[in-house]
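Below is one structure; the comments refer to it alone.
Only the coordinates and a few stated rules stand behind these numbers; no lab work does. Given the structure is predicted, the values throughout are model-derived calculations rather than measurements. For neighbour counting, all protein chains shown are included, and Cβ atoms are generated from backbone atoms with ideal geometry for every residue, glycine included.
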Amino acid sequence: MTEYLIRGARPLGGEPVDLRLAGGTITEMGAGLEAGTAEVVEAEGLVLLPGLVDLHTHLREPGREDAETVESGSRAAALGGFTAVHAMANTNPVADTAGVVEQVFHLGRRAGWVDVFPVGAVSIGLEGERLAELGAMADSAARVRVFSDDGKCVADPVLMRRALEYVKALDGVIAQHAQEPRLTEGAQMHEGVVSAQIGLQGWPAVAEEAIIARDVLLAEHVGSRLHVCHLSTAGSVEIVRWAKARGIDVTAEVTPHHLLLTDENARDYDARFKVNPPLRTQADVAAVREGLADGTIDIVATDHAPHPVEDKDCEWAAAAFGMTGLETALSVVQLAMVDSGLMDWADLARVLSTAPARIGRVGDRHGRPIAVGEPANLTLVDPAARRTVDPRTQATASPNTPYLGRELPGAVVATFLRGRATVLGGALVEQGAPQ
Amino acid sequence: MDHLLTAAGLSRGDAVRILDTAAELAATQGREIKKLPTLRGRTVVNLFFEDSTRTRISFETAAKRLSADVINFAAKGSSVSKGESLKDTALTLQAMGADAVVIRHHASGAPHLLASSGWLQAAVVNAGDGTHQHPTQALLDAYTLRRHLAGPGPIGQDLAGLHVAIVGDVLHSRVARSNVDLLHTLGARVTLVSPPTLLPVGVEAWPCEVSYHLDEVLDQGPDAVMMLRVQRERMSSAGGGFFPSPLEYSRRYGLDARRLATLPSHAIVMHPGPMNRGLEISAEAADSDRAVIVEQVANGVAVRMAVLYLLLAGGRREDLA
């Protein structure tokens, strides 16, 4: 396996240092290291981060290989600076058995670009009626620890209670897609001034907040661990802040797009901006940014949701919900949080690597400190770069990026997965799967 | 602009020009031969994804009076019902050389998509999209208001100083949205009257007043009362449970003989049709000499002639927003 000498990188934006990567780990750190036989990666001015970890990705395989495959999605992940992704369960068939999660796990191993950790469904078929065999998925080769019906809410309070209780035996977590179904029947976009004007059926903030409020109380009652997916409203931030102050074991995520975009983007009926939960108001964007900066929101997760052209190139009401995010997440977080002065690079490493690795129970391998002896899962970012987003140059199989034509700051220069470069010079490093 | 997509997109000048043009065209419609040669050789497609015989006939009549060739494309029973996308339908119409596409669609924003996608070159006229806009309805309503209430020889005039009450299901109404925008642009004061369940969250940003009480608004002596159609199925829990019962709706928001009698002597009663007699409007109100509901239909043809004329007759296309 190639040895690498990374020269002059700034770990978490700090003082420049050289690092040697060999045998899958960081073997040496210091000034003026000798290259020897190692391949040198010049990293002057680049920020070195622990490899990014996405707790919320849709890889679409099995079932919707026209939108994404584990191969294409994990290529996109590597290009985005990720070394691990959690693949959501709403595939076809649903990842509600040990068989399906092991299939996804092995597809991830074969692709080899990132570690793919399957998320297991909470309920059979995401139907919200009976618990799936969570124990079998936890004990499988995929070692599932995160369970979610994402795409659908575990709306039945009794089922949610049982799920929270049950995963205590598995060191698991329920990642809830908070969407009260009755309040959002037919809903198309955030309910407010814009929806009233452009005549799209509203999706009230309370539909998210009511479920989060219920679930933190359930988590407290049964003494379990709750993770709130893609929180999007100012009210949700307040509820999570309250729950944490009360000592409830809750974590929360926000997506890059909810840190940047608003319901104003819907005015032209461009379905690339149609997403679940919907884009909210400027006040909500300010609140989720503040919540992320002060630690109320623990992580940023992409909710990468690829869809083929025909599912977006149509009337808003007919279009699918979701947007891609793996290849733009780091840039959007840099723009919204770092360049705006709300966070530094160490904070960014926390919300995009350390904390998601811990929540997903993969913190023994990912989201590690940058130190000698640690696994060489690393990402090099050029914060001064500027690039214009063009889906044709992305690795994801789907074009539904909301940032089409938009200039974003920052670029991933290199990604290392256990010491192997998956990305160098901003491009994928093709080679046989190492595992 | 090359299209008519929303009433909000019309300036005062644009709107007055359309109303004036409609008045000129209406003056020709008393003749024995009503047909004008203006749009001879042009093709107008009525692309209707939703059933609306009234609106479709109105546009068809308008186009034919201007000598355009008219193609009616009803989505039901066509390739659309077999799953053809809006894009492919648009590309088909483009290939056939449509000069204008009049589109009625159940999805808000579909006309906008058609006009901005680059799929076709034709002028797009929004004939009602979802719960968004129905600009020609607002124009014909403004035309009717101006004819009755803006005094003699209304050419060039707007609706400054008039007070119009719009009563009913605002939440689901593209007619209400379009009228609020256009009547405000033309200087009228608009009051929406609706039960709170049938008002959209966000209505506070609209350029109008809002009331939950019809009798209080009628006491203000509005110059016109526009009753909106209320669908009976909205009363059931399956339809959203917006209102307890049709009877309670009529009692609180229906225009009946008693309420009709409280209106100022010059006030007119309007309805975009089709009416639910006995629900939002009683037979006495609908058939009274205050009602201009049938005239609205006639004015609809004149206004739609004006829109097609301004969009398609050479040289003046860009005059219209």
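For B:Thr92 and A:Asn92, the FRET efficiency from 1/(1 + (r/R0)^6), where r spans their Cβ atoms and R0 equals 41 Å, is about 0.80. 3J(HN,Hα) couplings calculated from phi for segment B:209-222 with the Karplus curve 6.51 cos²θ - 1.76 cosθ + 1.60 (θ = phi - 60°) are, in sequence order, 9, 10, 9, 9, 10, 5, 5, 4, 6, 5, 5, 6, x, x Hz; Gly and Pro show x. With neighbours defined as other Cβ atoms within 10 Å of a residue's Cβ, the residues A:Glu180, B:Glu248, B:Glu233 order from fewest to most as B:Glu233, B:Glu248, A:Glu180. Ordering B:Leu214, A:Leu19 from the fewest to the most neighbouring beta carbons within 10 Å gives B:Leu214, A:Leu19. Note on chain A: antiparallel DSSP beta bridges, both residues inside, total approximately 50 percent of the bridges counted. Cβ-to-Cβ counts within 10 Å put B:His3, A:His227 in ascending order as B:His3, A:His227, the fewest first.
In this structure, the amide hydrogen of B:Val101, modeled 1.01 Å from its nitrogen in the peptide plane, lies closer than 5 angstrom to those of B:Val45, B:Ala123, B:Val124, B:Val125, counting only residues at least 5 positions away or on a different chain. With semi-axes defined as the square roots of five times the eigenvalues of the C-alpha gyration tensor, the equivalent ellipsoid of chain B measures 32, 24, 17 Å, largest first.
Evaluated on chain A, the Kirkwood hydrodynamic radius is 21.5 Å, with distances taken between all distinct Cα atoms.
Shielding by partners for peptide B:102-112, expressed as the average number of C-beta atoms from other protein chains within 10 Å of each residue's C-beta, is 5.
Remark: relative contact order (segment B:193-289) = 32 percent; criterion is Cα-Cα distance under 8 angstrom and separation of 6 or more residues.
Rounded to the nearest 10 degrees, the angle from helix B:174-185 to the longest Cα principal axis of chain B is 90 degrees.
Per the Debye formula on identical point scatterers at the alpha carbon atoms of segment B:135-296, with no solvent, log10 I(q)/I(0) at q = 0.18, 0.20, 0.21 Å⁻¹ is -1.09, -1.37, -1.51. Each Cα pair of the protein assembly as shown feeds into the Kirkwood radius, which the Stokes-Einstein equation turns, at 4 °C and 1.567 mPa s, into a diffusion coefficient of 45 µm²/s.
Long hydrophobic helices in chain A: none of the complete DSSP H runs spans 30 Å or more by Cα along its own axis with mean Kyte-Doolittle hydropathy of at least 0.5. For A:Ala371 and A:Val158, the difference between the fully extended length at 0.36 nm per residue and the C-alpha to C-alpha distance is 72.2 nm.
Rounded to the nearest whole Hz, the Karplus-based 3J(HN,Hα) values (6.51 cos²θ - 1.76 cosθ + 1.60, θ = phi - 60°) of segment A:51-67 follow the sequence x, 6, 10, 9, 7, 8, 10, 10, 9, 6, 9, x, x, 10, 5, 6, 8, with x at glycine and proline. Please list, in order along segment B:31-41, the HN-Hα scalar couplings obtained from phi with the Karplus expression 6.51 cos²θ - 1.76 cosθ + 1.60 (θ = phi - 60°), rounded to whole Hz, x for Gly and Pro. Values per residue, Gly and Pro as x: 6, 5, 9, 8, 7, 10, x, 3, 10, 4, x Hz. Non-local lysine pairs in the protein assembly as shown, meaning eight or more places apart or on different chains, with alpha-carbon distances under 29 Å, amount to 18. Give the residues of segment A:142-167 whose amide nitrogen is closer than 14 Å to a point set 7 Å from the Cα of A:Leu217 in the direction of its Cβ. Within reach of a label on A:Leu217, which here means backbone N under 14 Å from a point 7 Å along Cα→Cβ, segment A:142-167 contributes A:157-158, A:161. Between the helical axis of B:12-28 and the longest alpha-carbon principal axis of chain B there is an angle of about 80 degrees.
Computed from Cα atoms, the angle from the helix B:86-95 axis to the main principal axis of chain B rounds to 40 degrees. Normalised by residue number, the volume inside the convex hull of the Cα atoms of segment A:105-238 is 131 Å³ per residue. With contacts taken as Cα pairs under 8 Å and at least 6 residues apart, chain B reaches a relative contact order of 22 percent.
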